[in-house]
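The structure appears below as structure tokens.
The values are calculated or read from the model by the stated rules, or taken from the named source; none is laboratory data. On a predicted model such as this, the values are computed, not experimentally measured, just so you know. Ideal geometry is used to build each Cβ from the backbone, glycine not excepted, and the neighbour counts take in all protein chains shown. Heads up: the accessible areas ignore ligands, DNA and RNA and are worked out on the full protein's heavy atoms, side chains in. Shrake-Rupley method; radii C 1.70, N 1.55, O 1.52, S 1.80 Å.
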Amino acid sequence: MYIGIDWGGTKMEVIGLAGDGRELCRHRIATPREDYRGSVRAVCGLVAYARQATGRDGSVGIGLPGSPNPLTGLIRNSNAWWLNGQPLGRDLEEALGQPVRIANDGNCLAVSEAIDGAGAGAHIVHGIILGTGHGSGIAIDGKSHNGHQGLAGEIGHYSLPWPKEGDYPGPRCWCGRQGCLEMFCSGTGFELDYRMAAGVERKAAEIIDLKRAGDPGAEATYRRYVDRLARSLALIIDIIDPDVFVLGGGMSNIDELYDDLPRLLRERTNLFAGQDKLVFSDSVETPIRKAKHGDSSGVRGAAFLWREADGVR
Ligand SMILES: [Zn+2]
């Protein structure tokens, strides 16, 4: 069995998958916050639950915001800040008595969708989370591609490229910088843009309802969002040129994105785009798809971090 754990901001979920991807068990608990030792105990409890519920042993994969530094094994870049600087992998391996694989949640999304989701069969899948944060990661032939620093595809804290008026210096980010893509392209960034423009606080879903009802302020926030997200995708295409983008997280449920993003990229990627040019080409046809496994992609991808060890891609 493959045991996967998705380490969310509010919920921690465990799943047990059979070798053919069949779900054997699933369970959720509240994420212990600001408590590293409690977090380690919670993971061990979820693994014990999966073993007990199925009567099977299993490999353990974990997807979380941030990632372990491959040189030191210490967690960094996590907005679950109490994990940063901690030897989470070593502590879990000691507590569980078995090897553990840990990957960024964006990589887990990419792996899940590359194996049997919206990116199935594609060579390079770039998974992008548009939720509370803006995580992203790469799967190559169904395997998490981590890179030399373990940072490959982690674009959320790069500056918004090709800034326009109003984009610079941008909102301050939790990482200490200003104007990170996360502050524009996450659901949080979308809500922040609306609040700054309209002076009223609303949830992303409400803003989208207003946009659909013809509200000009909500429409303007949505237009700015799509434009900024298109710039983020264009940057990724210029560097990695993935075979498909798969979007996850709450904002990926906005159906309009799947018409507007490809159109904007196409319109602004041609020989005559001039100052507005996005991808450095004369055409762009990269498919942009919604995650097939929705909210379950993270936990499935975490479980599948061990899949290639069995020779199954
Ligand atoms: Zn940042």
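Across the range 160-195, which residue is surrounded by the most Cβ atoms within 10 Å (Cβ to Cβ) among those that are near the ligand (Cβ under 9 Å from one of its atoms) and outside any loop (DSSP other than H, G, I, E, B)?
E182
Looking at the range 101-130 only, could you name the residues that are farther than 15 Å from D295 by Cα, open to solvent by less than 10 Å² (accessible area, probe 1.4 Å) and in a loop (DSSP other than H, G, I, E, B)?
G119
Anything in the range 1-43 that is of a type in the set (V, I, T) and open to solvent by less than 20 Å² (accessible area, probe 1.4 Å)? List them, or say none.
Once the filter is applied, which keeps residues that are of a type in the set (V, I, T) and open to solvent by less than 20 Å² (accessible area, probe 1.4 Å), the range 1-43 yields I3, I5, V14, I15, T31, V40, V43.
If the Cβ limit is 9 Å and pairs must be 6+ apart or interchain, which residue in the range 146-165 that is closer than 15 Å to T72 by Cα pairs with which residue that is assigned to a loop (DSSP other than H, G, I, E, B) and open to solvent by 80 Å² or more (accessible area, probe 1.4 Å)?
That search, which allows pairs on different chains as well, returns Q149/L71; G150/L71.
Keeping to the range 259-306, report how many residues are part of a loop (DSSP other than H, G, I, E, B) and aromatic (F, W, Y).
Looking only at that region, the number is 2.
Given (1) of a type in the set (A, V, I, L, M); (2) under 21 Å from the mean Cα position of the chain (by Cα); (3) open to solvent by less than 50 Å² (accessible area, probe 1.4 Å), identify the lone condition not met by I239.
(3)
For the range 44-95, give me each residue that is closer than 19 Å to Y2 by Cα and assigned to a loop (DSSP other than H, G, I, E, B).
G55, R56, D57, G58
Scanning for something within 15 Å of the ligand (Cβ to nearest atom), aliphatic (A, V, I, L, M) and either open to solvent by 20 Å² or more (accessible area, probe 1.4 Å) or modelled with pLDDT of 95 or more (or both), does the range 136-153 turn up at least one residue?
yes
Being part of a loop (DSSP other than H, G, I, E, B) and open to solvent by 20 Å² or more (accessible area, probe 1.4 Å) is the filter here; which residues of the range 244-258 pass it?
Of everything in the range 244-258, those that are part of a loop (DSSP other than H, G, I, E, B) and open to solvent by 20 Å² or more (accessible area, probe 1.4 Å) turn out to be G249, D255, E256.
Which numbered condition in (1) closer than 30 Å to A273 by Cα; (2) surrounded by 14 or more Cβ atoms within 10 Å (Cβ to Cβ); (3) more than 20 Å from the chain's Cα centre (by Cα) is the only one that I207 fails?
Single failed check for I207: (1).
In this structure, does K211 turn out to be within 26 Å of S78 (Cα to Cα), away from the ligand (no atom under 16 Å from the Cβ) and among the basic types (K, R)?
no
Say we look at the range 262-291 and pick out the residues that are open to solvent by 50 Å² or more (accessible area, probe 1.4 Å) and hydrophobic (A, V, I, L, M, F, W, C); which of these is farthest from V125 (Cα to Cα)?
F272
Any residue in the range 255-263 that is aromatic (F, W, Y), in contact with a strand residue (DSSP E or B) (Cβ under 9 Å, 6 or more places away or on another chain) and outside the structural domain of E206 (by TED's automatic domain parsing)?
No, the range 255-263 contains no residue that is aromatic (F, W, Y), in contact with a strand residue (DSSP E or B) (Cβ under 9 Å, 6 or more places away or on another chain) and outside the structural domain of E206 (by TED's automatic domain parsing).
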